[in-house]
There are 2 protein chains.
Amino acid sequence: MTEGERDLVLTRSLDAPRGALWRCWSEPELLKQWFCPKPWFVSEARMDLRPGGEFFTLMNGPDGESFGEPGVFLDVEEGRRLVFTDAFRPGWRPSGRAFMTADVRFEDAGAGRTLYTARAMHWSAEARDEHEKMGFHEGWGKATDQLEALAKTL
Amino acid sequence: MTEGERDLVLTRSLDAPRGALWRCWSEPELLKQWFCPKPWFVSEARMDLRPGGEFFTLMNGPDGESFGEPGVFLDVEEGRRLVFTDAFRPGWRPSGRAFMTADVRFEDAGAGRTLYTARAMHWSAEARDEHEKMGFHEGWGKATDQLEALAKTL
């Protein structure tokens, strides 16, 4: 199995500058505004932007359901890259399940645009397929639309 | 299940100073001398001591068998703590299996001695039990004897 067979990838050229997209990803009050595809919404976000620092969002659905699981950041390259995972809780405690690691990258594309790549990497092809069936492409796609719209206002 | 039920822990008061033990853990040419319980031996060691940096050892057995799997460091506190895992390969690629994360700590205990704690944390109780049956306590115990003996010569 090649590595790509365990990945899901969203790549988009966004009509917003890299710095604005970075703010939307790294400031909790901005992240809350776009991170979930509506009508879902984020009611709490905690981000400790350093390797091992907590990344937590509490996501809420239209029928009162909520979902939140603390993860950690693995790598933070200011303005360029964020890597985080659900495999650990803060303190490097293994979580209940190592499901996904996300690698999000921002590259200048000229004319105020940004090449945006969000890669979800899994520990097995089964987990990748499960994530795809959960609606990865539609969900991350809609959230990215929201991200772009918010970044354009900054 | 409490967190402790997924851990295996070795705690020892070692008759060697913290700095010498740290050198044995962080310098590849020293690590190779103690990391495997004899007659097993390490023929290659690569250590990139930073979050996400590679930690690789090629371990060889008396019947010609060898075992090596690249992992990464998660946290490096100079002289005090090393955290590493087999859940990732360098570049934050999920590995074939997230089995274990090790948290190794060194604390001054006075009179040239060091309180040494090596904790192996697993993603499931099953993995913990598997690791225990593989001989965690005997293997890490013997390796720690070798570590202490080497550190005393430095």
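The values are calculated or read from the model by the stated rules, or taken from the named source; none is laboratory data. Quantities reported herein were computed from a predicted structural model and do not represent experimental measurements. For neighbour counting, all protein chains shown are included, and Cβ atoms are generated from backbone atoms with ideal geometry for every residue, glycine included. Surface accessibility is based on the protein's heavy atoms, side chains included, excluding ligands, DNA and RNA. Shrake-Rupley method; radii C 1.70, N 1.55, O 1.52, S 1.80 Å.
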Q. For the stretch A:114-129, what are the residues that are surrounded by fewer than 16 Cβ atoms within 10 Å (Cβ to Cβ) and either out of contact with any helix residue (DSSP H, G or I) (no Cβ under 8 Å at 6 or more places or on another chain) or farther than 23 Å from residue B:93 by Cβ (or both)?
A. A:115, A:117, A:126, A:129
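Is it the case that some residue within the stretch A:72-87 is of a type outside the set (Asp, Glu) and farther than 30 Å from residue B:81 by Cβ? If you could, list the steps in order and put the result at the bottom.
First pass over the stretch A:72-87, keeping only residues of a type outside the set (Asp, Glu): A:72-74, A:76, A:79-85, A:87.
When the remaining residues are screened for being farther than 30 Å from residue B:81 by Cβ, the result is none.
Scanning the stretch A:72-87 turns up no residue that is of a type outside the set (Asp, Glu) and farther than 30 Å from residue B:81 by Cβ.
Can you tell which of B:143, B:111 is over 23 Å from residue A:91 (Cβ atoms), small (Gly, Ala, Ser) and open to solvent by 60 Å² or more (accessible area, probe 1.4 Å)? Walk me through how you get there before you give the answer.
Values: B:143 fails: open to solvent by 60 Å² or more (accessible area, probe 1.4 Å).
None of the other options fit; the residue is B:111.
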Q) Just for the stretch A:1-10: of the residues that are within 14 Å of chain B (Cβ to nearest Cβ) and assigned to a strand (DSSP E or B), which one is most open to solvent (accessible area, probe 1.4 Å)? A) A:9
(Q) Within the stretch A:75-92, take every residue that is under 16 Å from residue B:94 (Cβ atoms) and among the β-branched types (Val, Ile, Thr) and give me the one that is nearest to the other protein chains (Cβ to nearest Cβ). (A) A:83
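Every residue in the stretch B:130-140 that is part of a helix (DSSP H, G or I) and open to solvent by 30 Å² or more (accessible area, probe 1.4 Å), please.
Start the filter on the stretch B:130-140 by keeping residues that are part of a helix (DSSP H, G or I), which leaves B:130-133, B:136-140.
Across the stretch B:130-140, the qualifying residues are B:130, B:132, B:133, B:137, B:138, B:140.
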Q. Here are some residues: B:127, B:151. Which one is within 10 Å of chain A (Cβ to nearest Cβ), part of a helix (DSSP H, G or I) and at negative phi?
A. B:127
Q | Which numbered condition residue B:135 fails, given (1) modelled with pLDDT of 95 or more; (2) farther than 30 Å from residue A:128 by Cα | A | (1)
Q: Kindly provide the set of residues from the stretch A:93-116 that are within 14 Å of another protein chain (Cβ to nearest Cβ), in contact with a Ser or Thr (Cβ under 6 Å, 6 or more places away or on another chain) and either in contact (Cβ under 8 Å) with a residue 40 or more places away in the chain or closer than 29 Å to residue A:16 by Cβ (or both), ordered by number.
A: A:101, A:105
Q) Which of the residues that make up the stretch A:93-108 are hydrophobic (A, V, I, L, M, F, W, C) and under 18 Å from residue B:93 (Cβ atoms)? A) A:98, A:99, A:100, A:102, A:104
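Residue check: is residue B:71 small (Gly, Ala, Ser), touching a helix residue (DSSP H, G or I) at 6+ places or on another chain (Cβ under 6 Å) and modelled with pLDDT of 95 or more? Outline the logic, then answer.
Values: small (Gly, Ala, Ser): yes; touching a helix residue (DSSP H, G or I) at 6+ places or on another chain (Cβ under 6 Å): no; modelled with pLDDT of 95 or more: yes.
Judged against the criteria, residue B:71 is not a match.
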Q: Taking only the stretch A:76-100 into account, find how many residues are surrounded by fewer than 17 Cβ atoms within 10 Å (Cβ to Cβ) and under 15 Å from residue A:118 (Cα atoms).
A: 4
Q) What are the residues in the stretch A:11-41 that are of a type in the set (A, V, I, L, M, F, W, C) and either crowded, with 19+ Cβ neighbours inside 10 Å or in a helix (DSSP H, G or I) (or both), if any? A) A:14, A:16, A:20, A:21, A:22, A:24, A:25, A:30, A:31, A:34, A:35, A:36
